[in-house]
1. Do you know which residues across region 137-153 are free of Cβ contacts under 8 Å to residues at least 12 places away in the same chain and either touching a His at 6+ places or on another chain (Cβ under 9 Å) or part of a helix (DSSP H, G or I) (or both)?
2. Cβ contacts < 7 Å: first residue free of Cβ contacts under 8 Å to residues at least 60 places away in the same chain, restricted to region 23-34; second residue in a helix (DSSP H, G or I) and of a type in the set (A, V, I, L, M), any location; separation 6+ or different chain. Result?
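The numbers here are math on the coordinates, done by the rules we state, and not lab data. Predicted, not measured: the structure shown is a model, and the values here were computed from it. No Cβ is skipped: glycine too gets one built from the backbone with ideal geometry, and neighbour counts run over all protein chains shown.
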Amino acid sequence: MDNKVKIINDRICLSTAAMCEVFNIDKSTLKRWSDDGCPKVARGWWPLKEVLEWRGLVSAAGIKTEKDIEKLSLKEQKLYFEAKYKQAQSEAAEFKNAIQRGEYIPKDEIIAELQRFFIVLKRSMLGYSRRIATEISPFVDAIEARRIEKMITELTNDALEQLSIDGIYKAPKGKKATG
């Protein structure tokens, strides 16, 4: 292990043999990489992190803006954008596969189903007041039954209106029953 890994200038470096083993390449490929600008610290020693960044296998530290990219050499820019392109292609393929597996539902189908659901919900909620008034009418006088029906209808309409505006229902405070 001592002859394969060294710390040079506070960087973890691999020998040529170790680098070829890690990337599963031969020495001629590593020589070609070197000619193309692959980082090298000393003869036969390669900084692992920088080589990984150069190959586009890990994101290069410090690339945050367009100006940072412009500071890279043309080969580094090409490598950077090729890596971004490959990543975008991979994400697009994964999304397409997820659609094929049925993990995504078309927006129009969701909207239509929600509209049907909310229409049924609204009709059901608006029917409560009449049903409750009918049920309590034998126990209270007709005026009181209508007042209760009206109060329930107002509360239901208030709840539906609030849900349709911002999706959150807040019960009215301090509203006293009139009679």
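1. Listed by number, the residues that qualify are A142, I143.
2. L30/M19
Each row is one residue, and each column tells you yes or no for (1) farther than 20 Å from A83 by Cα; (2) touching a helix residue (DSSP H, G or I) at 6+ places or on another chain (Cβ under 6 Å); (3) of a type in the set (G, A, S).
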position	(1), (2), (3)
V5	yes, no, no
N9	yes, no, no
A18	yes, no, yes
E21	yes, no, no
R32	no, no, no
L48	no, no, no
E53	no, no, no
